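What follows is a set of notes on a single structure, which appears directly below.
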Amino acid sequence: MRIPVSALIGMALTAAFVLAGIFAPWIAPYPLDSAVGKVWEGSSSQFWLGTDTIGRDIVSRLIYGGRVTIFVALVSSMLSFSMGAFFGFLAATRGGWIDTLLSRLVDLMMAVPSLIVALVVLSVLPLNLIVLILVMGILDSTRVFRLSRAVAVDIAVMDYVEAAKLRGEKQSWIIFREILPNALTPLVAEFGMRFIFAVLFISTLSFLGLGIQPPLTDWGGMVRENKDGLVYGKAAALMPAAAIAVLAISVNLVADWILSRTSSLKGGRGG
Amino acid sequence: MVIHPILKLVVQRIVLGLILLLAVSFVIFLGVQILPGDAAQAILGQSATPEALANLRSQLGLNEPALVRYFTWLGHALHGDLGKALTNGQDISHDIGQRLGNTLFLAVCAGVIAVPLAITLGLIAARYNGRWPDKLISGVTLATISLPEFVAAYFVIFLLTQVVHLFQPVSMVFPGMSFFAKLHAVALPVIVLVMVVLAHMMRMTRAAILNVMQSAYIETAELKGLSPMQVIWRPALPNAIAPIISVVVINMAYLVVGVVVVEVVFSYNALGQYLVDHVAKRDLPVVQAVGIIFAAVYIGLNILADLIGIISNPRLRHPK
Amino acid sequence: MVDHRAADVLQIKNLRIEATAYPPGEPPRHLVLVDGVSVSLAKGRVLGLIGESGAGKSTIGLAAMSYGRGGVRLSGGEVLLNGRDIRTANAQGLRALRGREVTYVAQSAAAAFNPAKRLMEQVIETALLHKVMPRAEAEARAVELFRKLGLPNPESFGNRYPHQVSGGQLQRAMTAMALCPKPDLVIFDEPTTALDVTTQIDVLAAIKEAIHDTGVAAIYITHDLAVVAQVADDIMVLRHGKTVEYGTTDHIINTPSEAYTQALVSVRSIDHTEKTATTPVLRAEAITARYRGTDFDVLKNVTVDVAAGQTLAIVGESGSGKSTLARVITGLLPAAAGRIDFAGRQLSPDLANRSKDDLRELQMIYQMADTAMNPRQTVGTIIGRPLEFYFGLKGAEKRARIQDLLDQIEMGKGFENRYPAELSGGQKQRVCIARALAAKPRLIICDEVTSALDPLVADGILKLLLDLQAKEGVAYLFITHDLATVKAIADKIAVMYRGQVVRYGQKSEVLAPPFDDYTDLLLSSVPEMKLGWLESVLASRKMESAGN
């Protein structure tokens, strides 16, 4: 198997971000929250990417901020993924009223853009990590639900699934041995997409001031803190913005490659 | 009288859409009620005394059953009365009326540029499927899709205000401004919105065209001796037009989200900014009202896309 | 060999066709699809191209229009159309002759017509595009062709949209579209393959007559030698992109010289003498069934039984309810009324309420072996699962039994660890048979198990099934639309039509006159491997086919 260069780059960068997040306290040159320099210093050997709106080291805050962004996005995408896949498979294999109920519920949730729903909900709930993760996870599970239901429905009508039913296999065998192995590749690619979406979602919320609250910070929040500097030509806000972009594109490259492998499994023209 | 089946479908779809909108308004209204904490708590904060809370609750009508409050609110809303803001007591309908025009101006400007551009690029990418123009366009759009709206916005701002001094980084639009002054003022936010919508729209247009180009009837046309342009005009376009229009309409929905963020970025005084401000202030009546307006636009666009799909299907237009 | 003449409409000399495949994650693969094929075709003559899937017959047909699908290159030789070499012609030159001098009839007319335009517009489009005749004349000619091809209401037929007419009618409309611009050559690419057998014969006759009346040259591509024998003057037998044999139809059918051609001619002539009826292992009595949410009976009062160790064939066209009967017997679709007795006990109508032994003794083999096996399981897992599930076999014992079964289906060693994608079509169906056998069943339901296979491979499967029946004493309920298969395997036959059994009995009774109208139509519609069959059948038919 040959992995294309783009996917390799994507994997390497994603891994680098994750490792930097995990080992943040050992890697970051300065603490998260202390003003170690002057306001909006340029790049120097002391502060590689300069300092921020109150003189904190941007590299250190990027590392710590990435930790929060990746953590929140990962947990919420894991939540959305497991919820969506569970209910999607349930709906596809059980059918009947369970399917109808779940599908209509998801239709209702998806009738309004997630960001608008999140804003409405966050106007009532307290802004903390758990609430954010739950809100993002539940809202986004609708997309995973639709995909995994569709994939499972496609597979459930295959003759080999019918053959297993005729053999007398239990529901658990049919789901875990017949359907899941064949649904795995599109779902793995989808996990990448959900993770990106969660990164964008939490960054947007933080940017709007409705996400991660100080003293914690994440990349979206860092853009918000430093955005006024742009008017004076200070590029501090662009660093976290670039970090978001690079992470999202890296994961996208990997997911794209996995997806292209899935579609090619079906490929080939007869005759 | 025989009712044309397509008319039946169209009416069905519109009624379904209205029911959906009603359901959404109900969920937004009630969802906000059943979540822990209520408007009184939100206004007075966690440290409020129980007496103060109780007073405010009865003042706000929070002691009535939720269903009663919903229908009271719905009745008023249908007459154009969305209530008063908690924070400053301003009439919400009036505030929305002032800002709606600005939001629409922004969205329409973005749409007018993005739609033809997206379709043209989509056509080019599909025409050169797999060759370098396709790869270039697809690569660039993949990158834009990977960016949140505000990230794209700040790169554009930095580029066009700092590197090249073309625009002001803040977009102020106020009554009495000339049309061209307004256009100049919204140029930056429009560029950002176009970037965001364009990428999605172009990718879906490309997919829709490729899907049609792979049909057997395209091969039939080639084997009839039609030139590439004739193939596009005769069998391809009539069949691709419906999916393309549907793609365009669906992507207008991205504008709904895009507008909210972009307005905040550019401190553009319109609905999105208004919504975000009042979420932070926990002003529930405002959030509900604006949320439902955004939802209505979004649902309306989706119904429109479905209707176009129904009307353009020859199987439905000419039943057996 | 057939002579090459200067007046030929089409001459193909030493044609070589290549393609490059790009399997993802692997280096590109170079393929030679057609090699060293030469053909010549005079005005008014019909050439039949015959071969299994992958023989290159469609590729050669399209090469006559100098067209290669998806990256296929005509890399060597000459393609002379009316004396000019078109293989190397430029795009503009090709456009001028495609649709003017040579036209094409596709296998699936339903996909080949533009769904957004009326049929008339599409039928006359080529004539107008190439300025062959003015619009009024083209429309008159189209109506005339509709009439000649036996389409209903020829005057107004062209006003319809493709989705408003049946598959058989669309195939005729496509023939009209190909003939309308008065071409010199028409390529027919499996034009009747997708049709029901009783519809096929009418379309075939219509095409043959239209070719004859207009005097065009034609290439007729098919995998069915009996079909091509009815329309072609000459036949070329192809295999793996090379010519096996090329000669007059009479020569190919009656005195073939190559072993492969002989095998094709004698295919489906398995000799199977029916056994005398014994006690039934399965009896389905007065079965009535409908799908959930509908109020239409797909099966009406169906009664059949299968004798132990023998074969009941259920014959019918699409929509006859034959596959529904299989779903009712397996319990996937509980019957609305009626009872099923199996091996001396009454079966619950619903799958969920059947015992493990009920399930084990009643096995099923599917039409598409591709979708009947989990692509993520190895052959060993696929065959091993019933052993484990029903008999609790494990380890060495299970492996020995798997090898046993593989030997039984004549596949031998080395297949246990392969995945379905690594097997040929015939091998896949054999593995499915082994999976069914592993359960030691009393009855196997075979649902069109040979329809998706090439004729020679299908023959092998039928022989294997007969052998296994002789050795294991298993009974088959064999569902098929193909009467030749029925003759080869059945002891007893039930003919189904619109949800009912219209004729039922021992094979010798069912296939002997006097016939009811439908059985007569069905029997007479199966192409026979002899010249002049089509004409003799059409002269003696009692009933119109269902497709009209």
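What follows draws every value from the coordinates through simple rules; no lab data is involved. Computed from a predicted structure; not experimentally measured. Glycine also receives a Cβ, built like all others from the backbone with ideal geometry; neighbour counts cover every protein chain displayed.
Estimated from helical segments only, the mean residue ellipticity of the protein assembly as shown at 222 nm is -17500 deg cm²/dmol, where each DSSP H run of four or more residues counts as -39500 (n - 2.57). Expressed as a fraction of 2.2 N^0.38 Å, the C-alpha radius of gyration for the range B:94-282 is 1.21. Both radii come from the Cα set of the range A:68-180: Rg as radius of gyration, Rh as Kirkwood radius; their ratio Rg/Rh reads 1.08. For the range B:210-299, the direction-averaged projected area of the alpha-carbon convex hull comes to 8.1 nm². What FRET efficiency comes out for the pair C:THR248/C:ASP213, r = Cβ-Cβ distance, R0 = 25 Å, nearest 0.05? With a Förster radius of 25 Å, E is 0.65. Against chain B, whose longest principal axis is taken from its Cα atoms, helix B:237-265 shows a tilt of about 30°.
Between the Cα long axis of helix C:135-148 and the first principal axis of chain C there is an angle of about 40°, rounded to the nearest 10.
Computed over Cα pairs, the Kirkwood radius of the range A:5-267 leads via Stokes-Einstein (1.567 mPa s, 4 °C) to a diffusion coefficient of 64 µm² per second.
Taking chain B as a Gaussian network of alpha-carbon nodes connected by springs under 10 Å, the highest mean-square fluctuation of the residues B:PHE167, B:PHE29, B:PHE71 belongs to B:PHE71.
Taking the Cα centre of the range A:5-267 as the origin and placing charges on Cβ (Lys, Arg +1; Asp, Glu -1), which of A:ILE179, A:TRP219, A:ALA150 is farthest toward the positive end of the dipole? The residue sitting most towards the positive pole is A:ILE179.
Relative to the longest principal axis of the Cα atoms of chain B, the long axis of helix B:284-311 makes an angle of roughly 20 degrees.
The trypsin sites (Lys or Arg not before Pro) found in the range A:1-93 that occupy coil by DSSP, while having at most 12 further C-beta atoms within 10 Å, are A:ARG2, A:LYS38.
Secondary structure note: in chain C, about 55% of the DSSP beta bridges are antiparallel.
Projecting the Cα atoms of C:GLY167, C:CYS180, C:PRO191 onto the dipole axis of the range C:137-191, where Lys and Arg carry +1 and Asp and Glu carry -1 at the beta carbon, places C:GLY167 farthest toward the positive end. Based on the alpha-carbon gyration tensor of the protein assembly as shown and its eigenvalue square roots a ≥ b ≥ c, which shape applies: rounded if a/c is under 1.5, prolate if not and a/b is larger than b/c, or oblate? It comes out prolate by the Cα gyration axes.
Note on B:211-220: average number of Cβ atoms from other chains within 10 Å of each residue's Cβ is 5. Counting neighbouring Cβ atoms within 10 Å and putting the fewest first, the residues A:LEU13, B:LEU188 line up as A:LEU13, B:LEU188. Shielding value for A:238-244 is 4, the average number of Cβ atoms from other chains within 10 Å of each residue's Cβ.
The order of the peptides A:201-213, C:99-111 by mean Cβ neighbours within 10 Å, most packed first, is A:201-213, C:99-111. Think of each Lys and Arg Cβ as +1 and each Asp and Glu Cβ as -1; about the Cα centre, that makes the dipole of the range A:18-97 roughly 240 debye.
Within the listed set B:TYR298, B:TYR268, B:TYR128, the residue fluctuating most in the Gaussian network model of chain B (springs between alpha-carbon atoms under 10 angstrom) is B:TYR128. Translational diffusion coefficient of chain B (Stokes-Einstein, Kirkwood radius from Cα pairs, 25 °C, 0.890 mPa s): 108 µm²/s. Rounded to 0.05, the FRET efficiency of the A:ILE3 and C:ASN417 pair, given R0 = 25 Å and the Cβ-Cβ distance, is 0.50.
Restricting the GluC sites (Glu not before Pro) of the range C:459-548 to loop positions (DSSP other than H, G, I, E, B) with no more than 13 neighbouring Cβ atoms within 10 Å leaves C:GLU544.
Let me make sure I get this right: for the range A:146-234, a, b and c are the square roots of the gyration tensor eigenvalues over alpha carbons, sorted descending. Under 1.5 in a/c it's rounded, otherwise prolate if a/b > b/c, else oblate. Which is it?
prolate
Peptide C:366-375 has a mean shielding of 5, counted as Cβ atoms of other protein chains within 10 Å of each residue's Cβ. When all alpha carbon pairs of chain C are counted in 10 Å bins from zero, the resulting P(r) reads 3, 16, 24, 24, 19, 10, 3, 0 %.
When the listed pairs A:LYS165/C:LYS471; C:LYS428/C:LYS492; C:LYS208/C:LYS242; C:LYS148/C:LYS487 are checked against a 32 Å cut-off, the alpha-carbon distance exceeds it for C:LYS148/C:LYS487. Taking the Cα centre of the protein assembly as shown as reference, the dipole from Cβ charges on Lys and Arg (+1) and Asp and Glu (-1) amounts to some 780 debye.
Look at A:VAL151, C:VAL510 and count the other Cβ atoms within 10 Å of each Cβ; fewest to most, that gives C:VAL510, A:VAL151. What separates the Cα centres of the range C:292-366 and the range B:272-320 is a distance of 50 Å.
Look at where the Cα atoms of the range B:234-265 and of the range A:8-25 average out, and the two centres are 35 Å apart. Around the Cα centre of chain C, unit charges on the Cβ atoms of Lys, Arg, Asp and Glu (plus for the first two, minus for the last two) sum to a dipole of about 1220 debye. If you take every DSSP beta bridge whose two residues both sit in the protein assembly as shown, what share of them, in percent to the nearest 5, is antiparallel? The answer is about 55 percent antiparallel. The residue among B:ILE119, B:VAL265, B:PRO189 whose Cα reaches farthest toward the positive pole of the charge dipole of the range B:94-282, with charges on the beta-carbon of Lys, Arg, Asp and Glu, is B:ILE119. Ordered by the number of other Cβ atoms lying within 10 Å of each residue's own Cβ, fewest first, A:PHE47, A:PHE145, B:PHE179 fall into the sequence B:PHE179, A:PHE47, A:PHE145.
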